[in-house]
Amino acid sequence: MPGPLSGVRVIDLTSVVSGPFATMFLADQGADVIKVEPPGGDITRRSRQSVDPTGQFSALFISTNRGKRSLSIDLKRPEGAEILRKLIARSDVLVQNFRPQVMERLGLGEAAMRALNPRLIYVSISGAGDSGPYAEKRIYDPIIQGLSGFADVQAEAKTRRPQMIRTIVADKTTSVMTAQAVAAALYAREKTGQGQHIKLAMLDVMISYLWPEAMAQYTVVGQEATATDPNARPDLIFPTRDGYMTVGTISDSEWTGFCRAAERPDLAADKRFDTPGGRSVNAAERITLMAEILATRTTAEWLQRLDEADVPCAPVLRRAEVMHNEQVVARGLIAEFDHPGIGRVRQARPAAEFAGTPSRTPSPAPAIGQHGGEILAELGYARADIERLAESKVLRLPA
């Protein structure tokens, strides 16, 4: 059966990652996602290292735009904007991440598009929101990591120097929340018959994301100074005799299981560690002791011992090892397919499994304007008009 979003048409006016990754999730789930690009294409086509001779594809672009159709038009030209308006009139969702007021200047603001299509779900993604002193600020992921407290969460344990996490976590978390919000709005439209405007800011998303445990000491007003900072402790990466592993000991049974596997019954009886609260308050000492113990055996030995004691544990894999891990292989989490002009590529399988309406198998990302001719034909444009628009550079078609 088709995916759960089969029959939903999404206009993707986004670039970089937060928007394209979100709409890719919708494409994975069966939506017809039309990526509307300028004649030069999305900037991420040329981001980092190109993976094809034409310079149209980067690994980042492939992994955030698979399964979409590409329409390349010049929105600054009246005929280009008219094509987009005709498309929006027949669509369910529009997603854009231009800076505030850009869509209004193009004549494509939410109010105008709502008049054109009352059922339209109009999604605006921004860096820091459309109000406040940072509304016009140019924003990328590291800016949000700094502003949201995320870099402080990653601070080096001894010096407390803030550190960035080395992946674009703010962009990608915003993508996940955007895809969820679109699904919720589609459900609401089924009940009301009306679309709505969804606004998401990366800063808002990351503060919400961090709050449950990273901001725990600030949850109860007036107790900030006395609350334990959950991040003022070593991390849970433990060297072994031949590598690294991680171990979790939150519950009483997990801690006693660790002590049993380590042949350290004295630690199970230690008053500092014999309750969840004690293990939290004395986390630095506990983790330091665990590190000393885990350094005495190989990773494989500890995995066997800890699994037998039902203690959460795993090897810490290098990135090149992930795709060969026995659990990843057994679950078929990495798909391979042929990408025209590039060769064999790998993609992560869609994470959500739908029993009745399976997600699409990962498929190639589009070349610039690859589907422009067929999309305009669907809108009723004659072949001669399509060729004229291409000749006048309103429309870019594949070479």
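For the range 154-188, the candidate set comprises residues that are aliphatic (A, V, I, L, M) and more than 27 Å from ALA352 (Cβ to Cβ); within that set, the residue that is farthest from the chain's Cα centre (by Cα) is ALA157.
The residues of the range 206-218 that are within 16 Å of the chain's Cα centre (by Cα) and surrounded by fewer than 14 Cβ atoms within 10 Å (Cβ to Cβ) amount to a single one, SER208. Look at the range 37-57: where a residue is within 26 Å of VAL95 (Cα to Cα) and among the aromatic types (Phe, Trp, Tyr) and a partner is open to solvent by 40 Å² or more (accessible area, probe 1.4 Å) and not in a loop (DSSP other than H, G, I, E, B), sitting 6+ places away or on another chain with Cβ atoms under 9 Å, you get PHE57/SER50. When the range 252-268 is limited to residues that are open to solvent by less than 40 Å² (accessible area, probe 1.4 Å) and of a type in the set (Gly, Ala, Ser), the one that is modelled with the lowest pLDDT turns out to be ALA268.
With among the small types (Gly, Ala, Ser) and under 24 Å from VAL8 (Cα atoms) as the only criterion, which of SER126, SER148, SER208 stands out? Just one listed residue meets the conditions, SER126. Exactly one residue out of LEU203, LEU186 is in contact with a Gly (Cβ under 8 Å, 6 or more places away or on another chain), closer than 30 Å to PRO100 by Cβ and either surrounded by 17 or more Cβ atoms within 10 Å (Cβ to Cβ) or hydroxyl-bearing (Ser, Thr, Tyr) (or both), and it is LEU203. The residues of the range 113-141 that are part of a helix (DSSP H, G or I), surrounded by 15 or more Cβ atoms within 10 Å (Cβ to Cβ) and more than 22 Å from the chain's Cα centre (by Cα), listed by number, are MET113, ARG114. Scanning the range 333-341 for any residue that is modelled with pLDDT of 95 or more, under 14 Å from ILE73 (Cβ atoms) and assigned to a loop (DSSP other than H, G, I, E, B) turns up nothing.
Residue count for the range 13-38 under the criterion of being under 20 Å from PRO340 (Cα atoms), assigned to a strand (DSSP E or B) and of a type in the set (A, V, I, L, M): the result is 2. Considering GLY41, GLY67, GLY7, the condition of being farther than 30 Å from GLY356 by Cα and in a loop (DSSP other than H, G, I, E, B) is satisfied by GLY41 alone. On the stretch given as the range 93-110, residues that are at pLDDT 95 or above and open to solvent by 20 Å² or more (accessible area, probe 1.4 Å) total 2.
Note on the range 341-395: residues that are closer than 19 Å to ILE34 by Cα and touching a His at 6+ places or on another chain (Cβ under 7 Å) total 1.
Of all the criteria given as (1) in contact with a Leu (Cβ under 7 Å, 6 or more places away or on another chain); (2) hydrophobic (A, V, I, L, M, F, W, C); (3) surrounded by fewer than 17 Cβ atoms within 10 Å (Cβ to Cβ), the one not satisfied by PHE150 is (3).
Looking only at residues in the range 328-342 that are farther than 25 Å from PHE57 by Cα and more than 22 Å from the chain's Cα centre (by Cα), the one that is surrounded by the fewest Cβ atoms within 10 Å (Cβ to Cβ) is ALA330.
The residue that is surrounded by the fewest Cβ atoms within 10 Å (Cβ to Cβ), among those in the range 343-390 that are polar (S, T, N, Q) and touching a residue at least 40 places away in the same chain (Cβ under 8 Å), is THR357.
For the range 275-292, taking the residues that are surrounded by 15 or more Cβ atoms within 10 Å (Cβ to Cβ) and without any contact (Cβ under 8 Å) to a residue 12 or more places away in the chain, the one that is nearest to ILE237 (Cα to Cα) is identified as ASN282. Within the range 71-88, the residues that satisfy the criterion of being over 18 Å from SER15 (Cβ atoms) and either of a type in the set (Asp, Glu) or surrounded by fewer than 19 Cβ atoms within 10 Å (Cβ to Cβ) (or both) are ARG77, PRO78, GLU79, GLU82, ARG85, LYS86.
The values are calculated or read from the model by the stated rules, or taken from the named source; none is laboratory data. If you're wondering where the values come from, they're calculated on a predicted model, not measured in any experiment. Don't worry about glycine lacking a Cβ; one is built from the backbone with ideal geometry, like all the others, and counts go over all protein chains shown. Surface areas here come from the heavy atoms of the whole protein model, side chains and all, with no ligands, DNA or RNA. Shrake-Rupley method; radii C 1.70, N 1.55, O 1.52, S 1.80 Å.
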